[in-house]
Every structure is written in structure tokens, then in C-alpha cells.
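Have a look at the structure below, then the notes.
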Amino acid sequence: MNKKLADAINTQLNYEIESAHVYLAMQGYVATLGLEGFENWLGIQYQEELAHAKKFIMFMNERGARVEIRGFENPRNDFESLLEVFEVSLKHEKGVTDRINNLMKIAHELNDYASISFLQWFVDEQVEEEDNFQKLIDKIKMVSDGGGLYHLDKDLATRVFVDPNAQQ
Ligand code: FEO
């Protein structure tokens, strides 16, 4: 694989692992609020981000590119409110979308059709990621009383991890 694209994908797979830690830290915060459903939901998000990293790693290995795992800054552990957690998450996901779009741009510049095909999964996934967080922000804003939040929390307790790498 072209070195510029391999380096950019390597950076992204590390950012996916960093993203997993962002959500793991958020899970710790919501646990202090006693919201077990939100805790479950963010735990699944953590697993999803690791699965995204794994998907990139498998692709790099298939293409004979060297994977390098790096470190990163501490994630944010404290928040003002439940709403802020999801507002920060949506902003984070928009940043991920920009990064994926940039990878796609590089793949197009190189006429790397295998990478274009592979990256399309992430383009589609980011539409879902942003939509998930936007919908949760809307719902959190809608539930103004404790009863509503209780039911939303129960709803989120039902989210389960579906490994995207097992579906291939
Ligand atoms: Fe891996 Fe949430 O994007």
C-alpha cells in the first residue's frame, strides 16, 4: 500500500483506540450518576470503537502494511452533566467523520480502489454514529423529569454489541 495512505490509516486506527478510551471514561462518569442503561450503552460504544480499530488493523495486515500502536493523552473523565457527555461525543464523532473523509480523499488521489471500497464501510458507519448521538441528545433534552430519564435509561440498557468484524 502507498506509504502516505498506510501512515494515515495507521493514525486512524490509533485514533479509534483513543476513541474507545474516550467512551470508557464517559462510562465511568455516568456510573456515578446511577444510570445503568447509559453505562451499558457507552460500554457497547467502547467495544464498537475497538472493533473499528480491529477492522483497520485487519485491512492493513491484508495489504502488507505495518501496524504501529501508539499512545495518547488521557481522555476527559469529568463532565458537567449527562447532556454534556453526549454533546462532547457528537463533536468527537464529527471529527472522526472528517478524518475518514480525508482518508477517502487520499485513497481517491491514489486511485487505490481496494481502499476506497474498504473505507466506504466507515463512511456509512459515521452516518450512523452521528445519528445515534444526535438522537440521544434530542431525547435527553426532551426528558425534563426524572420519570422520563428513568425510561430512557431502561431503553439504553438493551443495547448489545454486534461485532462488525464477525459479519463479514
Ligand atoms: Fe469509530 Fe465512533 O467512530
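Pairing residues of segment 93-116 that are among the charged types (D, E, K, R) with residues that are within 14 Å of the ligand (Cβ to nearest atom) and in a helix (DSSP H, G or I), at Cβ distances under 8 Å and at least 6 apart in sequence or on separate chains, gives 93/126; 93/129; 93/130; 93/133; 94/130; 99/12; 99/15. Can you tell which of 110, 24, 13, 42 is over 29 Å from residue 149 (Cα atoms) and either crowded, with 16+ Cβ neighbours inside 10 Å or among the basic types (Lys, Arg) (or both)? Selected residue: 13, the only one of 110, 24, 13, 42 that is over 29 Å from residue 149 (Cα atoms) and either crowded, with 16+ Cβ neighbours inside 10 Å or among the basic types (Lys, Arg) (or both).
Checking every residue in segment 119-133 against the condition of being within 17 Å of residue 9 (Cβ to Cβ), surrounded by 12 or more Cβ atoms within 10 Å (Cβ to Cβ), in contact (Cβ under 8 Å) with a residue 24 or more places away in the chain and not hydrophobic (A, V, I, L, M, F, W, C) gives at least one match. Is it true that some residue in segment 4-13 is modelled with pLDDT of 95 or more, touching a helix residue (DSSP H, G or I) at 6+ places or on another chain (Cβ under 9 Å) and within 12 Å of the ligand (Cβ to nearest atom)? Yes, segment 4-13 contains a residue that is modelled with pLDDT of 95 or more, touching a helix residue (DSSP H, G or I) at 6+ places or on another chain (Cβ under 9 Å) and within 12 Å of the ligand (Cβ to nearest atom). Looking across 154, 105, 139, one residue alone is of a type in the set (Lys, Arg), at pLDDT below 95 and exposed (fewer than 13 other Cβ atoms within 10 Å of the Cβ). It is 154.
Of all residues assigned to segment 69-80, none qualifies as being out of contact with any Ser or Thr (no Cβ under 8 Å at 6 or more places or on another chain), in contact (Cβ under 8 Å) with a residue 60 or more places away in the chain and on the phi < 0 side of the Ramachandran plot.
Scanning segment 87-110 for residues that are in a helix (DSSP H, G or I), among the hydrophobic types (A, V, I, L, M, F, W, C) and away from the ligand (no atom under 13 Å from the Cβ) turns up 104, 106, 107.
The values are calculated or read from the model by the stated rules, or taken from the named source; none is laboratory data. Small disclaimer: the values here were computed from a predicted structure and weren't measured. Heads up, the Cβs are rebuilt from the backbone with ideal geometry, glycines too, and the neighbour counts pull from every protein chain shown.
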